[in-house]
Amino acid sequence: MDYLSLFRMPTPMKITGRSSSITNAFINSIIPVVPPSAEEVQQALEMLGMTPETFQCAYCGGVASEWDHLRPLVKGKKPTGYISEIHNLVPSCGKCNQSKGNKEWKTWMLSTAKLSPTARGVKDIAERVKRLDAYENSKAPTKMDFAAIVGEEIWAQHLDNLERVQVLMRESQELAAKINVEVASAYMARQPAQTC
């Protein structure tokens, strides 16, 4: 048995590797969350061809564990204006939600992106796309102009705060890389010399 085939090192973490999470947090923190009524959930599921007994991921048919934003809240590191409401949410499994991210749902579903329904060989994709198209076109979701609502000055301040955090993350990553090199050198210096 090759023991090293069983081992996998943890992926080294980078502070800047979390920049999209920070961007999403800055945008998601201002997005209204509108809880649906039981009737609205029922209507959404019926439109998607589901009942409580057949509740599943709208994208692949797997076990639904969450509700995903059909239209992304963030695009190009900026808010799209959509909010969290039933008209912009569909049942999803974790795999699909993570794989889709901020991509347009139909383009992603039909792509070979890692863990997309197409990449996983989901058989009834055409039918799922048809139902999602009908759902998307049934009622326009709310779209808001956040800058117009709060005023350009406050909006600019919010975006400036995001940029300052991103700059600090980049500076912190540079410092962390220098510390990492020194710690790794100190570790190597402690190791006994290899004999041939």
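What do you reckon, is SER99 open to solvent by less than 60 Å² (accessible area, probe 1.4 Å), within 20 Å of TRP67 (Cβ to Cβ) and modelled with pLDDT of 95 or more?
no
Of the residues LYS130, LYS114, LYS123, only one is open to solvent by 70 Å² or more (accessible area, probe 1.4 Å), over 22 Å from SER19 (Cα atoms), modelled with pLDDT under 95 and not acidic (Asp, Glu); which? It would help to see each step written out before you state the result.
On the way: LYS130 fails: modelled with pLDDT under 95; LYS114 fails: over 22 Å from SER19 (Cα atoms).
From the options LYS130, LYS114, LYS123, the qualifying one is LYS123.
Within segment 173-196, identify whether any single residue is closer than 23 Å to GLY17 by Cα, surrounded by 13 or more Cβ atoms within 10 Å (Cβ to Cβ) and in contact (Cβ under 8 Å) with a residue 24 or more places away in the chain, and answer yes or no.
There is at least one residue in segment 173-196 that is closer than 23 Å to GLY17 by Cα, surrounded by 13 or more Cβ atoms within 10 Å (Cβ to Cβ) and in contact (Cβ under 8 Å) with a residue 24 or more places away in the chain.
Collect the residues in segment 11-38 that are open to solvent by 100 Å² or more (accessible area, probe 1.4 Å) and either within 24 Å of GLN173 (Cα to Cα) or in contact with a Phe, Trp or Tyr (Cβ under 8 Å, 6 or more places away or on another chain) (or both), keeping them in residue-number order. Break it down stepwise before answering.
From segment 11-38, those open to solvent by 100 Å² or more (accessible area, probe 1.4 Å) are 11-14, 18, 33, 35; that's our starting set.
THR11, PRO12, MET13, LYS14, ARG18 - these are the residues of segment 11-38 that are open to solvent by 100 Å² or more (accessible area, probe 1.4 Å) and either within 24 Å of GLN173 (Cα to Cα) or in contact with a Phe, Trp or Tyr (Cβ under 8 Å, 6 or more places away or on another chain) (or both).
Consider VAL41 carefully, then state whether it is in contact (Cβ under 8 Å) with a residue 24 or more places away in the chain, on the phi < 0 side of the Ramachandran plot and open to solvent by 90 Å² or more (accessible area, probe 1.4 Å).
Working: in contact (Cβ under 8 Å) with a residue 24 or more places away in the chain: yes; on the phi < 0 side of the Ramachandran plot: yes; open to solvent by 90 Å² or more (accessible area, probe 1.4 Å): no.
Judged against the criteria, VAL41 is not a match.
Among what's in segment 44-78 and is within 18 Å of the chain's Cα centre (by Cα), charged (D, E, K, R) and open to solvent by 30 Å² or more (accessible area, probe 1.4 Å), pick the residue that is modelled with the highest pLDDT.
That would be GLU66.
Regarding segment 26-43, can at least one residue be identified that is at pLDDT below 95, among the hydroxyl-bearing types (Ser, Thr, Tyr) and touching a helix residue (DSSP H, G or I) at 6+ places or on another chain (Cβ under 8 Å)?
The answer is no, given that none of the residues of segment 26-43 is at pLDDT below 95, among the hydroxyl-bearing types (Ser, Thr, Tyr) and touching a helix residue (DSSP H, G or I) at 6+ places or on another chain (Cβ under 8 Å).
Examine segment 134-142 for a residue that is closer than 23 Å to PHE26 by Cα and either surrounded by fewer than 17 Cβ atoms within 10 Å (Cβ to Cβ) or at pLDDT 95 or above (or both), and state whether such a residue exists. Full working, then the answer.
In the first step, residues of segment 134-142 are kept if they are closer than 23 Å to PHE26 by Cα; the result is 141-142.
Narrowing the set further to residues that are either surrounded by fewer than 17 Cβ atoms within 10 Å (Cβ to Cβ) or at pLDDT 95 or above (or both) leaves 142.
Yes, that holds for at least one residue.
The values are calculated or read from the model by the stated rules, or taken from the named source; none is laboratory data. Nothing here was measured: the structure is a model prediction, and the numbers come from that model. Note: ideal-geometry Cβ built from the backbone for every residue, glycine included; neighbour counts use all protein chains shown. The protein model used for the area step is the full one, side chains on, heavy atoms only, and it has no ligands, DNA or RNA in it. Shrake-Rupley method; radii C 1.70, N 1.55, O 1.52, S 1.80 Å.
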